[in-house]
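Chemist: First the structure, which I've put down as structure tokens, then a few questions once you've had a look.
Read the figures in this text as sums done on the coordinates, not as results from a lab. All figures in this text were calculated on a predicted structure; none of them were measured in a lab. A quick note on method: Cβ atoms are made from the backbone with ideal geometry, for glycine too, and the neighbour counts reach across all protein chains shown.
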Amino acid sequence: MIPSDAPDAPSHRRWWWPLLAVVLVVSLAMTAWAVTRARVLAAAEARFAADADAVVAAAEARLTGFARVLRGAAGLVWVAGTVPPSAWEAYVDGLDLARAYPGFSGMSVAWRIHDEGREQLDRWVAGAVGEYFDIRPDGERAQYLPVVRVAPAPADLSRVLGFDLLSDPVRREAAERAWRSGALALSAHTAVRGDSGEGEPAFSLLMPIYVTAQAPSSEAGRAVAATGVISAEFRAAAFLESLLSGPTRLMSVHLHDSRAADPAERLAVRGVDEPMARFTAARALHVGGHSWYFRLASTPAYEAQLPGWQAAAAAGAVLVLGSLFAALMLSLAAGRRRARDTAQQLRAEVQDASRRLQLALDGAGEGGWDWDPARGGMHASARTLAIFGVTEPHPPSQLLAVWRSRLHPDDRATVDLALSQHLEAGVPLDMRYRVVLPDGAVRWVRTRGQARHDAGGNLLGVAGFVADVSAAQQAAEAQTRLAACHAGTLALLPGTLLEFDAEGRCVARQGPDDARSGLPMTDVVGRRLADLLPAAAARRVMQAFHRVAVHGGVERIAYERDGADGETPRIEAGVTRIETGGFLCLLRPLGAHSAHQS
């Protein structure tokens, strides 16, 4: 086998592909993680925005829903003119507002009077002015809006009844806005108790009451026709808490009366400040002529709900798949290298085998040929072309015709028959025939070959060898002539010629079957000397074999044998050594020899 001359790949090239595969896999994993994480965060941000919108929508629905309650109470007061305290409490208790509207503190009726018309309160206070009722705070004002009914009744009723809503700037602004608009008014930041600035942060909802069933059409007319308000107070913290449910309970929510994050304007807080929050949102709610501003932020608990594992799972999946792909690519690359090395080795072996075959063919004087129609005709080696006397270059498509033109006319039928038997019956293709060279010389050639077939049995081509056997053919013909002459000469000898090997076994017989020699008529070849001659004669002949083997020359011995008619004819055995290592023995009757000498 000849080793491959292809140089090994440099070490840096062998490591370049694995390193690139590792970098590519890690890059893909990081990209998958980043893309998936971005998608998760985008989905989470959209979900957070939807949750923030849900909080604001819940607040708006709660406030507008309570406006219907206030409108019903205002209608009750307008129809009744005045409502006894017990009836008002029963009415409010029957609505079960604390359950339906968390944060609800109380609902009251405030009646509008002027300083010179305090007697208008008589029908509301019913003699309880001195004991339970007094307009507070003290002082003379152009008009008052004291609370005349409240439910549920607080423990210290005197701190609520008689409180002038117009004395509180926040409630005054809300009441006047309700009178002017003829609709619900939402107050700014206030307190639960009647005294402004004290107590838990709260807000109020006010609905105007007019002297007519329908509010006047003009703003000025509504301001003059207003006789009071229905006011409901809510604890801001409890109200805000009731708006949160599900994932929104994990959010931090700040409710302000202004856009500025001023603690003085902060109405309610749910949670703590989250300066490192991943998601934040600002929402505004406009209800009842007033605006609320929500500032919402995600908390660690809220962010813990994010499916962050998806990014890790995507990165892990890409890492695993990428590793498998990289391993597959590395395996394929290694397989390609092995295949390339194997191909180079096989190519070198084929080239070496081809060189050896060519040397063998050149040494044997043979040439190769291949008839392959798919490749365009017949392909022949230089030696083959020389044997057929082809000196001019010919295309493969013409070589078959050139070969047939060289066939001896008397041998063409024999060649065609041999080819037909090989192709049709599978008879081995080994034929000798004559060719006539361009100079007129006649040469003997020997052609051997084998047909090729596909899986369906269709002929693909024939390939084989050709040799110039003219010398061997001439030698064989000369040997045949010599053998014929030799056989004629032996036929003239007066006796039988036997050839023995070195062990005394007969290997050949020539001459007539003369009964006088005392030999069997048949079955001579393969038998030992002792089986052919009398015992004493056989020993003497063997001794003669040994002597001529050492000294050479020819020895003759005579012996007698018992004849069938009682005679004892004498036989002469002439012995000599031959080049094969065996011996020749000529047996002839002495009587005939004596007659010849005479």
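Chemist: Please give the contour-minus-distance gain from A57 to R404: 0.36 nm per residue of separation, less the Cα-Cα distance, rounded to one decimal in nm. Before the final figure, lay out each step's value.
Modeler: Numbers: separation 347, 0.36 × 347 = 124.92 nm, distance 10.46 nm.
Value of the extension gain: 114.5 nm.
Chemist: Another one. Roughly what angle does helix 169-181 make with the longest principal axis of the chain, taking Cα atoms, 0 to 90 degrees, to the nearest 10?
Modeler: That works out to roughly 90 degrees.
Chemist: At a temperature of 20 °C and a viscosity of 1.002 mPa s, determine how fast segment 53-303 diffuses translationally according to Stokes-Einstein, using the Kirkwood radius over alpha-carbon pairs as Rh; express D in µm²/s, rounded to the nearest whole number.
Modeler: In µm²/s, the coefficient is 113.
Chemist: Cα centroids of segment 181-256 and segment 65-87: how far apart, whole angstrom?
Modeler: If you average the Cα positions of each part, the centres end up 16 Å apart.
Chemist: Using the Karplus equation 6.51 cos²θ - 1.76 cosθ + 1.60 (θ = phi - 60°), what ³J(HN,Hα) coupling, rounded to whole Hz, does each residue of segment 297-306 give in order, writing x for Gly and Pro?
Modeler: With coefficients 6.51, -1.76 and 1.60, one gets 8, 7, 10, x, 5, 5, 5, 5, 6, 5 Hz.
Chemist: Which whole-number percentage describes the relative contact order of the chain, with Cα contacts under 8 Å and a sequence gap of 6 or more? Show your work: numbers first, answer last.
Modeler: On the way: 925 pairs, mean separation 60.2, N = 598.
With pairs under 8 Å counted, the relative contact order is 10 percent.
Chemist: Okay, moving on. Using the Karplus curve 6.51 cos²θ - 1.76 cosθ + 1.60 with θ = phi - 60°, work out ³J(HN,Hα) for each residue of segment 149-159 in order, rounded to whole Hz, and write x for Gly and Pro.
Modeler: Going residue by residue, I get 9, 8, 8, x, 6, x, 5, 10, 5, 5, 7 Hz, with x marking Gly and Pro.
Chemist: Further question: Taking the simple approach of a point 7 Å from Cα along Cα-to-Cβ for both S323 and A50, what is their distance in nm?
Modeler: About 3.6 nm separates the two model spin labels.
Chemist: Looking at (i) 70, 55, 51; (ii) 204, 60, 47; (iii) 87, 70, 45, which value of Cα extents along the principal axes in Å comes from a calculation on the structure shown?
Modeler: (ii)
Chemist: For V224, what charge total do you get from the other residues with a beta carbon under 14 Å from its beta carbon, if Lys and Arg give +1 and Asp and Glu give -1?
Modeler: +1
Chemist: If R0 is 25 Å, what FRET efficiency do you get for R338 and V22 from their C-beta distance, rounded to 0.05?
Modeler: E between R338 and V22, to the nearest 0.05, is 0.70.
Chemist: I'd like the distance between the alpha-carbon centres of segment 374-393 and segment 423-451, rounded to an integer number of Å.
Modeler: 14 Å
Chemist: Here's another thing I want to ask about it. Based on the Cβ-Cβ distance of S181 and A313, what FRET efficiency does E = 1/(1 + (r/R0)^6) give at R0 = 51 Å, to the nearest 0.05?
Modeler: After rounding to 0.05, the efficiency reads 0.35.
Chemist: Multiplying the sequence separation of A471 and S291 by 0.36 nm and subtracting their Cα-Cα distance, what value in nm do you get?
Modeler: Working it through step by step, the gained length comes to 52.2 nm.
Chemist: Now for a different question. Where does helix 11-80 land angle-wise versus the long Cα axis of the chain, in degrees 0 to 90, nearest 10?
Modeler: Its long axis makes an angle of about 20 degrees.
Chemist: Could I ask something else about it? Provide the per-residue ³J(HN,Hα) series for segment 97-102, in order, calculated from phi with Karplus coefficients 6.51, -1.76, 1.60 and θ = phi - 60°, each as a whole number of Hz, with x at glycine and proline positions.
Modeler: Along segment 97-102, the couplings run 6, 4, 7, 6, 10, x Hz.
Chemist: Can you give the calculated 222 nm mean residue ellipticity of the chain, where each DSSP H run of n ≥ 4 adds -39,500 (n - 2.57) and the sum is split over every residue, rounded to the nearest 500 deg cm²/dmol? Please report the intermediate quantities before stating the final value.
Modeler: Details: 16 runs with 260 residues, N = 598.
When only DSSP H runs of four or more count, the value is -14500 deg cm²/dmol.
Chemist: Any chance you could give the angle, 0 to 90 degrees and rounded to 10, that helix 85-95 forms with the longest Cα principal axis of the chain?
Modeler: 10 degrees
Chemist: Using Cα pairs closer than 8 Å and at least 6 residues apart in sequence, work out the relative contact order for segment 365-476, in percent.
Modeler: Once divided by the residue count of segment 365-476, the mean separation gives 28 percent.
Chemist: Is the shape of segment 365-476 rounded, prolate or oblate, going by the alpha carbon gyration tensor and its root eigenvalues a ≥ b ≥ c, with a/c under 1.5 for rounded and a/b larger than b/c for prolate?
Modeler: Working: a/c = 1.90, a/b = 1.32, b/c = 1.44.
Oblate, because a/c is 1.5 or more while a/b does not exceed b/c.
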